[in-house]
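Peer 1: I'd like to ask you about the structure that follows.
The numbers here are math on the coordinates, done by the rules we state, and not lab data. Source: prediction; values computed, not measured. Note that we place each Cβ from the backbone using ideal geometry, even for glycine, and neighbour counts take in every protein chain shown.
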Amino acid sequence: MTHIWTIAEAKARLSEVLRRAGEEGPQRIGTRRGYMVVSEAEWQRLQAPRQRLGHWLVQNWPQLGELELPSRIEPPRPNPFDEPS
């Protein structure tokens with residue numbers, strides 16, 4: 001489990017909190033009301049616009065080439081309502 005900094009610890013060791021945010025990932029400060037310190041790179045990654053699911057599906061659709069569909073023409077079947085000859 002990651003270390004949760006008290007506010008007093010974070011104030012006294014701010015440079016270490018910032019260093020760890022850059023090297024180890026987000027750092028949590030406070031126990032009752034939590035705050036997170038993240039590196040700028042992580043913040044930029046989180047703020048980047050996300051691609052819509054529909055666009056992603058269209059771009060990543062499997063490319064199977066030409067798809068051969070079976071014939072939809074059915075052979076004739078006897079009609080039970082026809083009179084026998």
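Peer 1: Please state the charge dipole magnitude for the chain, taken about the Cα centre, from unit charges on C-beta atoms (+1 on K and R, -1 on D and E), reported in debye and rounded to the nearest 20.
Peer 2: In total the dipole reaches around 980 debye.
Peer 1: Going by a ≥ b ≥ c, the root eigenvalues of the Cα gyration tensor, does the chain fall in the rounded group (a/c under 1.5), the prolate group (a/b larger than b/c) or the oblate group?
Peer 2: prolate
Peer 1: Can you find, among LEU14, GLN44, GLY30, the residue sitting farthest towards the positive end of the charge dipole of the range 4-49, where Lys and Arg contribute +1 and Asp and Glu -1 at Cβ?
Peer 2: Going by the Cα projections, it comes out as GLY30.
Peer 1: Using θ = phi - 60° and the Karplus relation 6.51 cos²θ - 1.76 cosθ + 1.60, list the HN-Hα couplings for the range 46-63 in order, rounded to whole Hz, with x at every Gly or Pro.
Peer 2: Running phi through 6.51 cos²θ - 1.76 cosθ + 1.60 with θ = phi - 60° gives 5, 8, 4, x, 9, 6, 5, 4, x, 5, 5, 4, 5, 5, 10, 5, x, 8 Hz.
Peer 1: Under the Karplus relation 6.51 cos²θ - 1.76 cosθ + 1.60, θ = phi - 60°, what is the ordered set of whole-Hz ³J(HN,Hα) values for the range 20-32, x standing for Gly and Pro?
Peer 2: Running phi through 6.51 cos²θ - 1.76 cosθ + 1.60 with θ = phi - 60° gives 5, 4, x, 8, 9, x, x, 10, 8, 10, x, 10, 6 Hz.
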